1. Specify which labelled value, from (1) 18.3; (2) 14.8; (3) 13.9, agrees with mean projected area of the Cα convex hull in nm² derived from the coordinates of the model shown.
2. By its C-alpha gyration tensor, with a ≥ b ≥ c as the square roots of the eigenvalues, how is the range 47-175 shaped: rounded for a/c under 1.5, else prolate for a/b larger than b/c, else oblate?
3. Arg249's amide H: which non-local residues (gap 5+, or another chain) put their own amide H closer than 5 Å, with H modeled 1.01 Å from N in plane and none for Pro or chain starts?
4. Please list 3J(HN,Hα) in residue order for the range 224-240, calculated via the Karplus relation 6.51 cos²θ - 1.76 cosθ + 1.60 where θ = phi - 60°; whole Hz, with x for glycine and proline.
5. Go through the range 45-104 and name the trypsin sites (Lys or Arg not before Pro) that are in a DSSP coil and have 13 or fewer other Cβ atoms within 10 Å of their Cβ.
6. Give the long-range amide H neighbours of Lys197: residues separated by 5 or more places, or on another chain, with amide H under 5 Å away, using H modelled in the peptide plane at 1.01 Å from N.
7. Under 12 Å between alpha carbons, and skipping anything fewer than 8 positions from Lys9 in its own chain: which aspartates and glutamates qualify?
8. Mind scanning Lys163/Lys202; Lys74/Lys229; Lys177/Lys202 and naming the pairs with a C-alpha gap bigger than 31 Å?
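Every number in this text was worked out from the coordinates using simple rules, so none of it is lab data. These numbers come from a predicted model, not from an experiment. Reconstructed Cβ throughout: ideal geometry from the backbone, glycine too, with neighbour counts over all protein chains shown.
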Amino acid sequence: MLFLLSPAKTLDYLTPAADLPHTRPVFAAQSARLIQELREKSPQEIAGLMDLSDVLAALNVARYQAWSTRFTAKNSKQAVLAFDGDVYDGLQARSLAPEDLQWAQDHLCILSGLYGVLRPLDWMQPYRLEMGTSLAVGETGNLYQFWGSQLARYLNQRLAADKTPVVINLASVEYAKAVDRKTLKARVIDCAFEDWKSGSYKIISFSAKKARGMMARYAVTHRVDTPSKLEGFDSGGYAFAPASSEPHRLVFRRKIDT
């Protein structure tokens with residue numbers, strides 16, 4: 001069973017990485033091709049393409065120029081430690097034991113516009129390239145077309161040993177779309193996290209993102225290997241809502257007093 005996560009816009013390359021093992025990204029050659037295309041664009045073009053401020057556009061142009069096909073301890077960091085957004089606030093990877101991180105390496109997949117799929121311990125160089133970016137590369141007009149069925153085929157390889165392959169989708173719609181469902185040979189289960197607000201349960205973006213990370217941590221620390229084991233998830237006050245769930249969509253709800 002594999003768990004899909006989205007990346008984060010916020011990165012942390014200042015906090016020293018623990019003395020952990022590292023791996024090389026599987027799709028490094030494709031990343032290099034994307035970097036080649038990005039390097040041809042001016043800061044103004046990057047700003048327009050990604051709807052960035054001039055400051056952020058300049059920062060990322062510098063990142064593209066500095067990106068190297070050679071991943072080292074100086075220019076890279078393990079992906080699960082480099083990402084620093086809401087999902088990763090929920091995951092809290094820095095406090096996971098080495099054996100937990102190794103389990104995560106085998107079961108968590110971080111989808112990425114630049115790197116395709118990252119394992120938690122893959123060395124990653126800093127970047128900004130959201131999956132929904134309409135970056136034309138060769139004959140492809142956007143990143144969904146660029147990645148095509150590659151990501152689904154990779155997940156199939158990872159799941160080949162499973163008798164009943166399952167993918168737990170904890171990624172956003174933007175990133176989950178990058179996995180071609182027609183190619184993927186696995187059952188996909190989505191997880192929804194809802195909060196009680198104004199008289200009904202609703203998905204609140206910030207809370208849901210953090211909950212996805214908490215669910216990933218729960219899976220790692222509890223060695224979740226079947227969908228039914230996810231029903232025990234209770235982090236952050238959430239609880240499984242069986243009446244609102246379906247076989248392909250597990251709903252978790254919480255009602256916090258204010």
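1. (2)
2. Oblate is the answer for the range 47-175, as a/c is 1.5 or above yet b/c matches or exceeds a/b.
3. It is Asp190, by chain and number.
4. 5, 10, 9, x, 4, 5, 5, 5, x, 4, 9, 5, x, x, 7, 9, 5
5. Sites meeting the loop and neighbour criteria: Arg70, Lys74.
6. The list, which skips near neighbours in sequence, is Lys202.
7. Asp84, Asp86, Glu130
8. As for pairs spanning more than 31 Å Cα to Cα, those are Lys163/Lys202; Lys74/Lys229.
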